[in-house]
Amino acid sequence: MAVWVVIVAAGRGERFGGPKHLELLAGRRVLDWSIGAARSVADGVVVVLPAGEADRDEPGADAVVAGGATRSASVRAGLALVPDDAEVIVVHDAARPAASADLFRAVVAAVRAGASGAVPAVPVTDTVKLVEGDRVVETLARDRLVFVQTPQAFAATALRAAHATASDATDDAALVERLGGTVVVVAGDSRNLKLTEPADLARLEQAVR
């Protein structure tokens, strides 16, 4: 089953203070770590960059494209360059440079086993409450809650159909779920941190090493 990976790096990095994907991490750019891990499963890699950067070649990428105004729009821009014969498509946020090759393999294997989609997840360890304004209205049972990461893998037909609706969501699994697709979880990795603020770099440096 042909596997392609779409790596999304089109955000403005406002909380970080600049383009996160170009930041150096243990001697390599954040983007390079993600491309390297993606190559462990990929027949092809599409990198989605900010509009002003999309005219350059990226080592390890088969194609580069400019992103859109939202994350979902950026994923759709990447999907447009994935060949029609791809059977599994993985979407990964470049801001998670510590995602391992094993994690990529795990989500792809779950889709090959028959799921519409597969996402890595780690348990919620804090108490979670639902609030309206400043008032708590419910304490949620955390044994049924997880934190979800990328990479997320999908049957190509399911992901393309989900994005054909032109809807937006915080992750691609939500779009597939809305169409009734079966999304399963695989064990995530606590080291697979998201680079959001400069303070995250120190922890990610340890994770990638």
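Each reported figure results from applying straightforward, stated rules to the coordinates on display, with no laboratory input. Since the structure is predicted, the reported quantities are computational estimates derived from the model, not experimental observations. Please note: Cβ atoms are built from the backbone with ideal geometry, for glycine as well, and neighbour counts cover all protein chains shown.
Taking amide H positions as modeled 1.01 Å from N, with prolines and chain starts lacking one, the residues under 5 Å from Leu25 and 5 or more places away or on another chain are Val30.
If the elastic network links every pair of Cα atoms under 10 Å, which of Ala199, Ala155, Ala101 fluctuates the most in the Gaussian network model of the chain? Highest fluctuation of the listed residues: Ala199. Counted over the chain, the DSSP beta bridges are approximately 45% antiparallel.
Note that the stretch 80-94 has calculated 3J(HN,Hα) couplings of 4, 9, 7, x, 5, 7, 5, 9, 10, 10, 9, 10, 9, 7, 4 Hz, one per residue in order, obtained from phi through the Karplus relation 6.51 cos²θ - 1.76 cosθ + 1.60 (θ = phi - 60°); glycine and proline are x. When all alpha carbon pairs of the chain are counted in 5 Å bins from zero, the resulting P(r) reads 1, 8, 15, 19, 20, 17, 11, 5, 2, 1, 0 %.
Among Phe147, Phe16, what is the fewest-to-most ranking by other Cβ atoms within 10 Å?
Values: Phe147 14, Phe16 19.
The most exposed by this proxy come first: Phe147, Phe16.
Phi-derived couplings, Karplus 6.51 cos²θ - 1.76 cosθ + 1.60 at θ = phi - 60°, listed residue by residue for the stretch 54-67: 6, 8, 10, 7, 10, x, x, 9, 8, 7, 10, 9, 7, x Hz, with x used for Gly and Pro.
Amide hydrogen proximity for Gly188: with H placed 1.01 Å from N in the peptide plane, the residues at 5 or more positions away or on another chain lying under 5 Å are Ala121, Val122. For the stretch 126-209, just say rounded, prolate or oblate: build the C-alpha gyration tensor, square-root its eigenvalues into a ≥ b ≥ c, call rounded for a/c under 1.5, and beyond that prolate if a/b exceeds b/c, oblate if not. It is oblate, given that a/c is not under 1.5 and a/b is not larger than b/c.
For Val6, the shell of other residues with beta-carbons less than 14 Å away shows a net charge of -1, using +1 for Lys and Arg and -1 for Asp and Glu. Peptides 66-72, 5-11 ranked from most to least packed give 5-11, 66-72, packing being the mean of other C-beta atoms within 10 angstrom over each peptide's residues. In this structure the amide hydrogen of Val6, modeled in the peptide plane, comes within under 5 Å of the amide hydrogens of Val46, Val90, Val91, His92, none closer than 5 places in sequence on its chain. Couplings 3J(HN,Hα) of the stretch 128-145, computed from phi: 10, 10, 8, 10, 10, x, 9, 10, 6, 10, 6, 9, 7, 6, 6, 5, 10, 10 Hz, in residue order, whole Hz [Karplus 6.51 cos²θ - 1.76 cosθ + 1.60, θ = phi - 60°; x for Gly and Pro]. Label zone of Val148 (point 7 Å out along Cα→Cβ, amide N under 12 Å): in the stretch 186-201 this covers 186.
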